[in-house]
Amino acid sequence: MMKKLILILALMAASPVGASCYADYKAKQDNPLRLHYGVVELPDSACSPDAAKGQIAQRIGADGWQLLNILSIFAADGLEERKDSAGQYFLRY
Amino acid sequence: MPDNTSSATETRLSGSKVVTIGIAAIVLILLVAAVLLFMNLPDANAFNARVEQIFVENNDLTNHAEIKLLEILAQSGTSFSDTLTSYRTVIFVLLVFATALMVAALVFLVTIIALNKRMGEIERIGIQVSSLLISREENTVYLNNMEFKLTEAAIETLSVLAEARMDEELLSGCEIEGMISGRPASDCDEAAGATRIKRLRDSLGNQMVSELLVKNIARRGYMLATRWSANCW
């Protein structure tokens, strides 16, 4: 019983609460030009493309990244296929 | 009434005006060319912008390796843009050289035209004496390095005239005769001086015309020493 509870808690920790959609995006840094492809999780309120744009730009902007475009907004089942491509930027921001 | 005469000073004036306008035009044209050249050279960010555009436009360019490759492309482009900066300097230096050469060419052209006009005038005026050298020992006078043999009396007359010329003086026939013969001018005959002048003119004039116009080629004959175009007139 106790073990099961811990397992559930661990699962809940792994998939954060309130994350109902994900987005993949492209971003850049100037001088010298650096590019990356990343995946972020978004709260319910930011699942529309316009809202997601503001959210992502703000989050990656803290590290000096500039959002170029958002490719898609998808549910949790699309995470696995994007994990390899995003690499270190998979759910980083 | 239109003025159909021109003078040497006039050509010199218009010549300097042409030079000024020409130099201004050359500098202006090359300046415009330089500005256009510098504006049209791609700037350092052109490569980065293009790489960024490729990255955004292709949705399947998400692989980590592919992105790394794009970054390397952009970096090589940036290093090439450093080369472009040095090209800019080279182009600028070449433009400055071109300006200098064009200005020099224009000045020479105008100088040549002015000289041609002057040559024409000198030809029309005829012989101009720029140097006169009298050698008493050899009884010879050199006019512009042309050698003329004279009699002793003619050389005396010429020397007297040359001395008077140096003092900016005019001599009457009496004074010439007096200076040559050593008698006071009041005792001399005006006609005697005039005769000396006539003999000098005859002998010198004869030799000058045979040197300049009616040439004698030894054992072959005589020839008018003018150019063909002058003969045609």
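The values are calculated or read from the model by the stated rules, or taken from the named source; none is laboratory data. All values reported here derive from a predicted model rather than from experimental measurement. Ideal geometry is used to build each Cβ from the backbone, glycine not excepted, and the neighbour counts take in all protein chains shown.
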Matching entry among B:154, B:65, B:105 (being at pLDDT 90 or above and either among the polar types (S, T, N, Q) or assigned by TED's automatic domain parsing to the domain that holds residue B:32 (or both)): B:105
Of all residues in region B:160-196 being among the hydroxyl-bearing types (Ser, Thr, Tyr) and over 23 Å from residue B:132 (Cβ atoms), the one that is farthest from the chain's Cα centre (by Cα): B:186
Yes/no for residue A:42 being more than 10 Å from chain B (Cβ to nearest Cβ), under 13 Å from the mean Cα position of the chain (by Cα) and either outside any helix (DSSP H, G or I) or modelled with pLDDT of 90 or more (or both): yes
Lone unmet requirement of (1) at pLDDT 85 or above; (2) within 30 Å of residue B:104 (Cβ to Cβ); (3) of a type in the set (Lys, Arg) for residue B:50: (2)
Residue satisfying condition, being of a type outside the set (S, T, N, Q) and crowded, with 17+ Cβ neighbours inside 10 Å, within set A:62, A:57, A:76, A:52: A:52
Sole exception among (1) modelled with pLDDT under 85; (2) farther than 30 Å from residue B:76 by Cβ; (3) within 14 Å of chain B (Cβ to nearest Cβ) for residue A:32, by number: (2)
Residue check, residue A:17 farther than 20 Å from residue B:54 by Cα and either modelled with pLDDT of 85 or more or within 14 Å of another protein chain (Cβ to nearest Cβ) (or both): no
Meets criteria (at pLDDT 85 or above, in the same structural domain as residue B:101 (by TED's automatic domain parsing), surrounded by 12 or more Cβ atoms within 10 Å (Cβ to Cβ) and within 23 Å of residue A:31 (Cβ to Cβ)) for residue B:70: yes
From the options A:59, A:82, residue that is basic (Lys, Arg) and within 14 Å of chain B (Cβ to nearest Cβ): A:82
Counted residues, region B:23-52 - those being at the interface with another protein chain (Cβ under 10 Å from one of its Cβ atoms) and assigned to a helix (DSSP H, G or I): 5
Residue within region B:80-92 that is within 14 Å of chain A (Cβ to nearest Cβ) and closer than 30 Å to residue A:70 by Cβ present: no
Tally of residues being within 16 Å of residue A:70 (Cα to Cα) and surrounded by 15 or more Cβ atoms within 10 Å (Cβ to Cβ) across region B:57-66: 2
Residue within region B:76-96 that is surrounded by 12 or more Cβ atoms within 10 Å (Cβ to Cβ), of a type in the set (A, V, I, L, M, F, W, C) and more than 35 Å from the chain's Cα centre (by Cα) present: yes
